[in-house]
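Contents: one structure, followed by commentary.
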Amino acid sequence: AQTVTQSQPEMSVQEAETVTLSCTYDTSESDYYLFWYKQPPSRQMILVIRQEAYKQQNATENRFSVNFQKAAKSFSLKISDSQLGDAAMYFCAYRRWGNNDMRFGAGTRLTVKP
Amino acid sequence: GAGVSQSPSNKVTEKGKDVELRCDPISGHTALYWYRQSLGQGLEFLIYFQGNSAPDKSGLPSDRFSAERTGGSVSTLTIQRTQQEDSAVYLCASSFWTGGPYEQYFGPGTRLTVT
């Protein structure tokens with residue numbers, strides 16, 4: 001069974017600073033996808049960034065980047081130049097190639113201090 | 001274009017009543033998912049539809065839960081004889097074929113409160 005673990009229930013960061021959210025996963029598969037989703041108070045889940053396991057290069061999307069360590073089964077999210085609008089719950093998710101469901105971690109609540 | 005929509009946005013019901021939650025996926029998305037999110041928790045997979053294939057119901061917590069998808073588009077999640085532990089946000093998501101790196105697009109959810 002694939003499980004996703006987010007060991008930080010809550011994190012806080014000062015505006016304009018950098019924060020890293022941790023995620024580890026357990027799988028015996030070699031072909032899979034990893035995602036970070038953001039859920040603001042509005043409840044709308046929004047994709048932040050994705051990583052395909054066969055790609056060695058870490059994905060980046062503007063201020064968001066990941067540190068994907070396949071051997072360690074680690075997939076952390078780095079948010080640079082944090083903004084007040086980044087405050088939200090962040091969920092790490094795993095999906096095996098061709099599988100039906102996405103496995104989500106329990107989430108990390110990020111607070112951004114002005 | 002239009003995103004995933006869900007209705008109602010909030011639903012309050014008495015214990016023992018039946019409820020129906022509706023999801024309109026993005027046009028062209030063949031996969032549709034239902035999740036349950038209890039207060040402050042992560043997402044719990046409930047059921048998955050892919051095209052005309054039989055749905056994957058492996059996440060449904062009890063036989064009081066059922067879902068259907070008509071015409072490969074709109075889906076309805078039905079909870080019979082609601083219990084207080086059913087109180088949660090029910091999220092619907094849709095995506096293209098699961099074989100690729102396609103993300104799921106989520107609706108805003110329905111907050112269900114069972115009194």
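One line per residue, one yes/no per condition, for (1) of a type in the set (S, T, N, Q); (2) more than 20 Å from B:S9 (Cβ to Cβ); (3) free of Cβ contacts under 8 Å to residues at least 40 places away in the same chain:
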| residue | (1), (2), (3) |
| --- | --- |
| B:D63 | no, yes, yes |
| B:Q80 | yes, yes, no |
| B:D86 | no, no, yes |
| B:C92 | no, no, no |
* Counting just the residues of segment B:48-61 that are in contact with a strand residue (DSSP E or B) (Cβ under 6 Å, 6 or more places away or on another chain) and free of Cβ contacts under 8 Å to residues at least 12 places away in the same chain, which one comes out surrounded by the most Cβ atoms within 10 Å (Cβ to Cβ)? -> B:D56
* Specify the residue that is farthest from the other protein chains (Cβ to nearest Cβ); the eligible residues are those in segment A:20-35 that are part of a loop (DSSP other than H, G, I, E, B) and under 15 Å from A:N99 (Cα atoms). => A:S28
* Asked: What number goes with the only condition from (1) more than 9 Å from every other protein chain (Cβ to nearest Cβ); (2) in contact with a strand residue (DSSP E or B) (Cβ under 8 Å, 6 or more places away or on another chain); (3) farther than 15 Å from A:R103 by Cα that B:V89 does not pass?
  -> (1)
* For A:Q8, indicate whether it is at pLDDT 90 or above and either part of a strand (DSSP E or B) or not hydrophobic (A, V, I, L, M, F, W, C) (or both). => yes
* Asked: Taking B:K11, is it among the charged types (D, E, K, R), out of contact with any Lys or Arg (no Cβ under 8 Å at 6 or more places or on another chain) and either in contact (Cβ under 8 Å) with a residue 60 or more places away in the chain or not in a strand (DSSP E or B) (or both)?
  -> no
* Structure fact -> If we keep only residues of segment B:1-60 that are of a type in the set (D, E) and within 11 Å of chain A (Cβ to nearest Cβ), then the residue nearest to A:Q44 (Cα to Cα) is B:E44
* Asked: Only one residue in A:S12, A:S65 is in contact (Cβ under 8 Å) with a residue 60 or more places away in the chain, away from chain B (no Cβ under 12 Å) and among the hydroxyl-bearing types (S, T, Y). Which one?
  -> A:S12
* Asked: Residue check: is A:L77 surrounded by 14 or more Cβ atoms within 10 Å (Cβ to Cβ), closer than 20 Å to B:P108 by Cβ, touching a residue at least 12 places away in the same chain (Cβ under 8 Å) and not polar (S, T, N, Q)?
  -> no
* To do: Answer with yes or no whether B:S75 is buried (at least 18 other Cβ atoms within 10 Å of the Cβ), farther than 22 Å from B:K17 by Cα and either β-branched (V, I, T) or touching a Leu at 6+ places or on another chain (Cβ under 6 Å) (or both).
  => no
* Asked: Any residue in segment B:96-115 that is more than 8 Å from every other protein chain (Cβ to nearest Cβ), hydrophobic (A, V, I, L, M, F, W, C), free of Cβ contacts under 8 Å to residues at least 40 places away in the same chain and not in a strand (DSSP E or B)?
  -> no
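The values are calculated or read from the model by the stated rules, or taken from the named source; none is laboratory data. Treat the numbers as computed from the prediction; the structure is a model and nothing was measured. Backbone-built Cβ (ideal geometry, glycine too); neighbour counts: all protein chains shown.
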